[in-house]
Number of protein chains: 2
Amino acid sequence: MIESASSESVEMYLKTVAELGGEHGPVPIGRVAERMGVSPVSANEMMKRLGEQRLIQHQMYKGVSLTGDGRRLANSVIRRQRLWECFLVDHLKLDWARVHDLACDLEHATATEVTEALAQYLGNPSRCPHGNPIPDRDGEVGQENDLTLSRLKVGQSGRIRAIVPESSDLLAYLAERGLIPGQSLTVLEAAPLKGPLTLRVGDSQEEPQVALGLALAELVQIDRVEGKSD
Amino acid sequence: MIESASSESVEMYLKTVAELGGEHGPVPIGRVAERMGVSPVSANEMMKRLGEQRLIQHQMYKGVSLTGDGRRLANSVIRRQRLWECFLVDHLKLDWARVHDLACDLEHATATEVTEALAQYLGNPSRCPHGNPIPDRDGEVGQENDLTLSRLKVGQSGRIRAIVPESSDLLAYLAERGLIPGQSLTVLEAAPLKGPLTLRVGDSQEEPQVALGLALAELVQIDRVEGKSD
DNA sequence: ACGAGTTATAAGGTTTGCCTTATAATAGAC
DNA sequence: GTCTATTATAAGGCAAACCTTATAACTCGT
């Protein structure tokens, strides 16, 4: 467990880099700036500081990736956030689509002591309400398969595992259509020219059909389930 | 319910002024600076800003008192903190003497939405684990009687209502001696020249006696209970 | 009524995290 | 290979909260 005094800002940058895949390959700093609503110059400045602290590694003109320390710190932030999300949804009954943002405020104000007591209180959940994995207390997360709804073929079925990223607009939109983790679905039709998918949501034939743009379908992670036509 | 964007720093200043009695009379800015571990000059600067925002009123060379808005904002901060204290103690089983500080971090990161859901989850408690009242959602708190342990006469009995201020060293010291809210006690002896009190803690004659300096006894608020010798 | 201690203000400095504008360096597409 | 879009760096600024040092104004106890 890495415990260094890090500002809220540093935590947000590291979390963002992690969410953009900084554990694996280099993430362009421009992406980070964009996601954080900050100018590229500002992001660059911060990356220099994070590099000096050995939290990231900067490959010129390529992007940044997390070091071991950076990854552990980022995952500890993500752990805190996702645990709070569980609490806010399961216990406080707050809106599934909004708890991500509410938890984001809490995550920076949460001591390890509180985090671990909360984890125990919640029964050490392994996923947040949006299906994303909760890193363990050492800042490690298991790998997931990377199938998304957009890659499902017509006739194939799957179960929603997670939504990424957890943007409240996106989540609200999906929730309205019943597209939440655990839900099973089948692709009935895929319009040509990267057109929308038509889905059967749920197992029964009676369920309403849902149309979903391919761009959104890319954000829905899927566990494969054998469909009837397989 | 007052909802203005206020920085963590502003919230801490207002909370401090409230705790120092700024609802009633003017509080010297020096006291505030001292309590917050900040230079008097810094506190003065901030008070000027708070005055411009009509959160406090500054009587030159006297001190500051809270305006209506300031009082409501301060009490909303205190409400958040004390609700979190309840949660941390009752549900997460964290250390009674330490939750004050842990909750102080959380209080600034807690949206109204979360505060109110938390209050409901906890059953709308009226007091924090240290006995202090939780303001209602409109930022109002009832008045309390102001009897302290230091003013109890020999032979008199009382029940601990609250500890003020909630400093973790103080709380840990008192908890070690069984001096927690709800505990009843009797003053057996008061040493002369502002010397320490000797207390019987608990109702039974078998309970160990406790010696307590008068300075500390001033920080223990008491509800009067009829003693045997009354 | 004075002097000690508190309180107020002025002036100048630091850090953090952001900004804009401008220029230089590079990568990747054609 | 050149050109465009991205990326990096330099330079200068801003706001929030702090700081120190110095001076001025006031209160209150004796």
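Some observations on this one:
- Of the residues making up the stretch B:51-63, those that are more than 18 Å from B:Gly139 (Cα to Cα) and of a type in the set (A, V, I, L, M, F, W, C) number 1.
- Taken over the stretch B:14-41, the residue count meeting the criterion of being closer than 17 Å to B:Glu166 by Cα and acidic (Asp, Glu) is 2.
- Residue selected from the stretch A:21-40 under the condition within 11 Å of DNA strand C (Cβ to nearest atom) and free of Cβ contacts under 8 Å to residues at least 24 places away in the same chain, by the criterion farthest from the other protein chains (Cβ to nearest Cβ): A:Pro40
- A:Val89 vs. criteria away from DNA strand D (no atom under 11 Å from the Cβ), touching a helix residue (DSSP H, G or I) at 6+ places or on another chain (Cβ under 7 Å) and assigned by TED's automatic domain parsing to the domain that holds A:Pro135: yes
- Tallying residues that are more than 16 Å from A:Ala162 (Cβ to Cβ) and at pLDDT 85 or above within the stretch A:178-201 yields 14.
- Given (1) within 14 Å of another protein chain (Cβ to nearest Cβ); (2) within 16 Å of DNA strand C (Cβ to nearest atom), number of the condition A:Leu83 does not satisfy: (2)
- Matching option when the condition is buried (at least 19 other Cβ atoms within 10 Å of the Cβ) and in a loop (DSSP other than H, G, I, E, B), among A:Ala103, A:Ala109, A:Ala74: A:Ala109
- Matching entry among A:Glu206, A:Glu144 (being acidic (Asp, Glu), touching a residue at least 60 places away in the same chain (Cβ under 8 Å), in a loop (DSSP other than H, G, I, E, B) and more than 14 Å from chain B (Cβ to nearest Cβ)): A:Glu144
- Which listed residue, of B:Val64, B:Val32, B:Val10, B:Val41, is of a type in the set (A, V, I, L, M), within 16 Å of DNA strand D (Cβ to nearest atom) and assigned to a strand (DSSP E or B): B:Val64
- Residue among B:Glu45, B:Glu11 that is without any contact (Cβ under 8 Å) to a residue 24 or more places away in the chain, out of contact with any Cys (no Cβ under 7 Å at 6 or more places or on another chain), assigned by TED's automatic domain parsing to the domain that holds B:Ala119 and of a type in the set (Asp, Glu): B:Glu45
- Verdict on B:Ser150 being among the polar types (S, T, N, Q), touching a helix residue (DSSP H, G or I) at 6+ places or on another chain (Cβ under 6 Å), in contact (Cβ under 8 Å) with a residue 12 or more places away in the chain and more than 12 Å from every other protein chain (Cβ to nearest Cβ): yes
- Within the option set A:Lys48, A:Lys15, being of a type in the set (D, E, K, R) and farther than 23 Å from A:Asp105 by Cα holds for one residue only, A:Lys48.
- Tabulated pairs, the stretch A:101-118, first more than 7 Å from chain B (Cβ to nearest Cβ), second small (Gly, Ala, Ser), C-beta under 7 angstrom, 6+ apart or interchain: A:Asp101/A:Ser168
- Among the criteria (1) within 14 Å of another protein chain (Cβ to nearest Cβ); (2) more than 16 Å from DNA strand D (Cβ to nearest atom), the one B:Ala5 does not fulfil is (2).
- The stretch A:150-166, subset among the small types (Gly, Ala, Ser) and within 13 Å of A:Leu188 (Cα to Cα), residue surrounded by the fewest Cβ atoms within 10 Å (Cβ to Cβ): A:Gly155
- Among (1) under 16 Å from A:His100 (Cβ atoms); (2) free of Cβ contacts under 8 Å to residues at least 60 places away in the same chain; (3) in a strand (DSSP E or B) - the single one A:Pro125 does not satisfy: (3)
- Residue in the stretch A:129-139 that is touching a Leu at 6+ places or on another chain (Cβ under 9 Å) and either among the charged types (D, E, K, R) or in a helix (DSSP H, G or I) (or both) present: no
The values are calculated or read from the model by the stated rules, or taken from the named source; none is laboratory data. Every value quoted in this text rests on a predicted model; they were computed, and no experiment measured them. Note that each Cβ is placed from the backbone with ideal geometry, even for glycine, and that neighbours are counted across all protein chains shown.
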